[in-house]
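The values are calculated or read from the model by the stated rules, or taken from the named source; none is laboratory data. Computed from a predicted model, the values in this text were never measured in an experiment. Every residue, glycine among them, receives a Cβ derived from its backbone with ideal geometry; neighbour counts consider all protein chains shown.
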Amino acid sequence: MAAEHMQMTHEREYNVVLEILRPGLATPVSRKIEDKVDAFLRNFKAQPVHTVAETIFPAAEYLHGGFDAVYAYPESIFPFIKSENKWGTYALRLTERKCTNGKKIIPLELAIEKLKKRLKDKSTMRAIYELDLGMEALELKLYETEEDHNNYRGGQCLSHISLKLGPNRELYMTAVYRYQYYIQKALGNFLGLARLQAAIAHEVGIDVGPLVCHATLAVLEDKQFEQGVGWSRAQVSDLVESCKGIRDNEIVEAA
């Protein structure tokens, strides 16, 4: 576990790279760990895991209305949560981008259409689409220089999503975070990205490959070092050990 590693390196680490080989796989153990983290966050009035995941990809809308419902996110969902998300959400930036000429585009839709075209043409090109969350609209970006340059902490942390075809034409996804909170955000981040990856792969008719998350700075945050955090370092340690215990018990039982 990345969290275990950070416990041994003073709760913060540069360039933490986590690869999830089967991002869509949910097991009894993963659900128990998710429940444990979720209960911890709710106890401190932090955003639940599902809420964090939905800010990346609105899976509830997708399940009920497919990508048409996802693309309607800027009008159907965001106005009701705008007051709690002053800088916006990643889902908003993936579904609405204003060009310099005033035209609005849907970066996620463009990425999917480009991916479909590459697959139809049986192209050997594997670098399909860059969901760059802070550059030109055709690069599915999440970082906006004008809006985000003063966000030293909080606000927008996911900067870039890269989609590529693997050797067997499965969908690889890499997400780059400039700053990632491993207690209050990471699990929700992973779930949201995995759902986004799965939905894109399903839409274009290919399998899901690995999901890689690269945090240029990752932290196990606590109230000693982060404003607005209610838990102590000891409580963080207890949570990490509890999740480790759930995992280790499963390994022992499987053996």
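Couple of notes before you dig in:
- As a summary of the residue check, P167 satisfies the conditions (1) at pLDDT below 90; (2) part of a helix (DSSP H, G or I) except for the one numbered (2).
- Subset tally (residues that are touching a Phe, Trp or Tyr at 6+ places or on another chain (Cβ under 8 Å), surrounded by 15 or more Cβ atoms within 10 Å (Cβ to Cβ) and among the aliphatic types (A, V, I, L, M)) for segment 201-228: 6
- Of all residues in segment 103-115 being in contact with a helix residue (DSSP H, G or I) (Cβ under 7 Å, 6 or more places away or on another chain) and modelled with pLDDT of 90 or more, the one that is surrounded by the fewest Cβ atoms within 10 Å (Cβ to Cβ): I105
- Test result for Q180, within 24 Å of E11 (Cα to Cα), crowded, with 21+ Cβ neighbours inside 10 Å and at pLDDT below 90: no
- Filter result for A69 (surrounded by fewer than 20 Cβ atoms within 10 Å (Cβ to Cβ) and under 18 Å from P107 (Cα atoms)): yes
- Being among the acidic types (D, E), outside any strand (DSSP E or B) and modelled with pLDDT under 80 is a description that does not apply to E130.
- Elements of type helices (runs of 4 or more DSSP H) in segment 27-122, at least 3 residues being over 30 Å from G230 (Cβ atoms) and of a type in the set (D, E, K, R): 107-120
- Among the residues making up segment 203-239, those that are within 20 Å of the chain's Cα centre (by Cα), closer than 23 Å to V16 by Cα, outside any loop (DSSP other than H, G, I, E, B) and in contact (Cβ under 8 Å) with a residue 60 or more places away in the chain are V208, P210, L211, V212, C213, H214, A215, T216, L217, A218, V219.
- Just one of the listed residues (T51, T100, T55) is of a type in the set (S, T, Y), in contact with a Ser or Thr (Cβ under 9 Å, 6 or more places away or on another chain) and either surrounded by 14 or more Cβ atoms within 10 Å (Cβ to Cβ) or free of Cβ contacts under 8 Å to residues at least 12 places away in the same chain (or both), and it is T55.
- Taking segment 82-96 as the range and being surrounded by 14 or more Cβ atoms within 10 Å (Cβ to Cβ) and either more than 18 Å from the chain's Cα centre (by Cα) or among the charged types (D, E, K, R) (or both) as the test, the residues that pass are R93, E96.
- Meets criteria (touching a helix residue (DSSP H, G or I) at 6+ places or on another chain (Cβ under 8 Å) and more than 17 Å from L217 (Cβ to Cβ)) for E19: no
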